[in-house]
Every structure is written in C-alpha cells, then in structure tokens.
1. From the set of residues in the stretch 282-322 that are over 26 Å from the mean Cα position of the chain (by Cα) and assigned to a helix (DSSP H, G or I), which is modelled with the lowest pLDDT?
2. Which of (1) within 22 Å of the chain's Cα centre (by Cα); (2) within 20 Å of residue 280 (Cα to Cα) does residue 240 not meet, given it meets every other one?
3. Would you be able to tell me the number of residues in the stretch 69-121 that are part of a loop (DSSP other than H, G, I, E, B) and of a type in the set (S, T, N, Q)?
4. Is it the case that some residue within the stretch 251-265 is surrounded by fewer than 21 Cβ atoms within 10 Å (Cβ to Cβ), under 27 Å from the mean Cα position of the chain (by Cα) and not in a loop (DSSP other than H, G, I, E, B)?
5. Could you list all residues from the stretch 23-58 that are surrounded by 14 or more Cβ atoms within 10 Å (Cβ to Cβ) and either assigned to a strand (DSSP E or B) or in the same structural domain as residue 146 (by TED's automatic domain parsing) (or both)?
6. Do we find a residue being over 21 Å from residue 85 (Cβ atoms) and either touching a residue at least 24 places away in the same chain (Cβ under 8 Å) or crowded, with 17+ Cβ neighbours inside 10 Å (or both) anywhere in the stretch 273-284?
7. Just to confirm my filter: which helices (runs of 4 or more DSSP H) fall fully inside the stretch 139-226 and include at least 3 residues that are in contact with a strand residue (DSSP E or B) (Cβ under 6 Å, 6 or more places away or on another chain), crowded, with 18+ Cβ neighbours inside 10 Å and assigned by TED's automatic domain parsing to the domain that holds residue 269?
8. Looking for whichever is basic (Lys, Arg) and surrounded by fewer than 11 Cβ atoms within 10 Å (Cβ to Cβ) here; the options are 313, 323, 295, 291. Which one fits?
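The values are calculated or read from the model by the stated rules, or taken from the named source; none is laboratory data. Quick caveat, the model's predicted, so the values are computed rather than measured. So basically every Cβ, Gly included, is an ideal-geometry build from the backbone, and we count neighbours across all protein chains shown.
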Amino acid sequence: MSVRKRKWITRKGEAKEAWLVDYADQSGARHIETFAKKKDADAYHATVKVDVRRGVHTAPSTSATVAEAAESWIKRVQADDRERGTIKQYREHIRLHIVPRIGRVKLAHLTTKRVEQFRDDLLAGLSRPMAHAVLTSFKSLLRVSRHAHVADGVVVKRDKRKERKLEAGRDIPTPSEIKRLIAAAKPGRQRAFLLVAALCGLRASELRGLRWADIDLKAATLRVSQRADRYAIIGSPKSAASRRQIPLPPEAVSELRTWRLACPPTEADLVFPTGRGHVEHHPSLWRAIERVMLRASIVDKGGRSKYGLHALRHFFASWCINRKPEGRELPPKEVQALLGHSSIVMTYDVYGHLFPPGDDRAELAAASGRLFA
C-alpha cells in the first residue's frame, strides 16, 4: 500500500502529474486510485488503510450506489419477513427522501461529512421526527451494506424544549371520564373491549389480534402473544418485551365472561372479531369507540370525541403510576413490563413526569439534625 507521484507528457506536449494510491483490499485484489493533490491522496490512503484492516473497505470501482444498496436492503427486509406496513414505510423513505438526495452517491465515496450533510438536508425539509425516521432507515441500509461506520455519531437529536408532556384531561382521560365511558358502553363486546383497553393497556394492534386462548378467566390473566397489523395480518408482537402477561381486573373478567357466550366463533379464535369473524380494521374499531365517547359527552370544544384510542393505553399507564387510592402506585420496572416497553428509558421518556416525587422531608430533617448536632 503506497502513495506515489506519476508524471507524463500528453500528446500535445504538456507536462502532467498526479498522485496514485496503490493498494490491495482485504481480499487481496489490487486497486489504484488517482488524485490531483497529494493531500487528497494521503487522506484516502489513511482511510483505506484503516478500512482494509477492519475488513470494511469497498473500492469505488466495484462500489454500489446508495440507490442500488437501498434496493438490496429492501429485499433483505422482505426476506426477513417484516410486516407489510414496515416495508411500505421503508420504501417511502427511500423513494421520497433517500434516493432524491443521495441516491447517486457510491457507497465507497460516503464519508461522515457527507452523511452529516444528508442529515442537515433532511432537517431543512422535514419535521424533526420524520428526519429521525428517515435517517434511521438510512443507517439500517448502511449497516446491511457494511458501511455503517460512516454514519457513526450522526444523529437527529430530540429538541426536548419543544416536546409537550402528556397531561390528564388533555391527552390522558381522567378516572371520572373512564367511568363515564364504561357506563355509556353497551354490555358485551363494547364494554368488554373498553375495559380491556383501559385497564390492561394493550396496543390497538394487540387488541385486534387478541385470542380467547390467551385469556384465562379463572386465573384472571391475559397474555399478549400476537398482534394484527394495519393490513389485518396476524403476526408476532412488536418486540420480545411485548410478549407479556397482564392481570385482569374483576370488572373485565365479568364482562368477558358475558361476551364470550355471545362472541361469534372464528377460525382465528379472536376475542374482538368483525361480525363475519375476521380481524377488525383499526378505523372501524375507532368509529365504534368514538360513538361511545359522544354518548358519554367526552368531547372537545368543537363537539368531537376528545381522545383517540391510544389515549386508553395512556390512561392505563397513568393508573399504574398514580399513588393510591387514585392509582396502583407500581414501581417503574413493573409499569415497563405491563406496557411491553423494550426498555425503561422508553417508559421514562413518555411517562416519567407522571411518577410522583419522593417525599424525603423526614430524612432531610434527620440528616441536617445529625450534621449540626
């Protein structure tokens, strides 16, 4: 591996010179790259030397473009049997944001500075959450292509100053609103659904994929073992942590017993199927809940339903966190497990402000007393 100067005379008699980087990659194949300036050749030589040692170097002559790598990545994702909704989202990221901005660039020409420019371009044209999502997809593409090292440390940081925390009565139903909602629901399916949603905290996809086989009415427990995606396809939960067991309150057990007698049998053994025994679609499910909210007068200033379906999961989280007797006052790790979060960081990011602060006044008084004794 070396850097050397090359001189030659053109047919017109002009003297020319260039700097060559002559090297063998990790597989032993020889490559020569030409540069007009020595400092550029030296910089490339230093980078290649490290990359060859790490086994991650790709010569420009054999390198795919970002667009070509993106297509290979999508095929890999499909082979891994990812959900249709996830693949659709990745394709939109590629088509709308990645290929137009950086698709023609060869992977071998990518540098951390170029990836930072791509990140900055995303932030200039997209919202911060969308820019974060696209950059995450781009990093996954690079990881599969074995070029993840060029994106190390390039992130879209959250602007926590502009983040609005969840509030009871605005984002989270209050206990009195939940009581009114349950009271306004029709006995059977509707009331059973609302009780499970509000007092067990399942995601909408988990509610739609819930099976009777996963409910033990004698033991008063519910197990999350599958979910239904936006296309009504049954599959595995979002993550390993999403597989969990949740205790059923007596009110939910009683209503589920009633509903089980009237529930139409389905091949998939669904707890909340359509009238024809299929997986319920999310919009249809929400419209039914919206009507109950209107009957219970849980509306905003415009007379529309005040909360979305996910707000019932927020209520469950707050109910688990709040002090007794208004809530269950559970430890953070137990709240994390019941919600099916993959990490305690996620739980704290969304609900950390709801955990009651410790009252250490007695301990403080005792410590200061010992200090000045």
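1. Only one residue tops the list, namely 288.
2. With respect to (1) within 22 Å of the chain's Cα centre (by Cα); (2) within 20 Å of residue 280 (Cα to Cα), residue 240 is out only on (2).
3. Our first condition is that a residue be part of a loop (DSSP other than H, G, I, E, B); within the stretch 69-121, this holds for 80-83, 103-105, 110-111.
Adding the requirement that they be of a type in the set (S, T, N, Q) leaves 111.
Counting residues in the stretch 69-121 that are part of a loop (DSSP other than H, G, I, E, B) and of a type in the set (S, T, N, Q) gives 1.
4. no
5. 23, 31, 33, 35 - these are the residues of the stretch 23-58 that are surrounded by 14 or more Cβ atoms within 10 Å (Cβ to Cβ) and either assigned to a strand (DSSP E or B) or in the same structural domain as residue 146 (by TED's automatic domain parsing) (or both).
6. Within the stretch 273-284, not a single residue is over 21 Å from residue 85 (Cβ atoms) and either touching a residue at least 24 places away in the same chain (Cβ under 8 Å) or crowded, with 17+ Cβ neighbours inside 10 Å (or both).
7. 204-208
8. Numbers: 313 fails: surrounded by fewer than 11 Cβ atoms within 10 Å (Cβ to Cβ); 295 fails: surrounded by fewer than 11 Cβ atoms within 10 Å (Cβ to Cβ); 291 fails: surrounded by fewer than 11 Cβ atoms within 10 Å (Cβ to Cβ).
Result of the check over 313, 323, 295, 291: 323.
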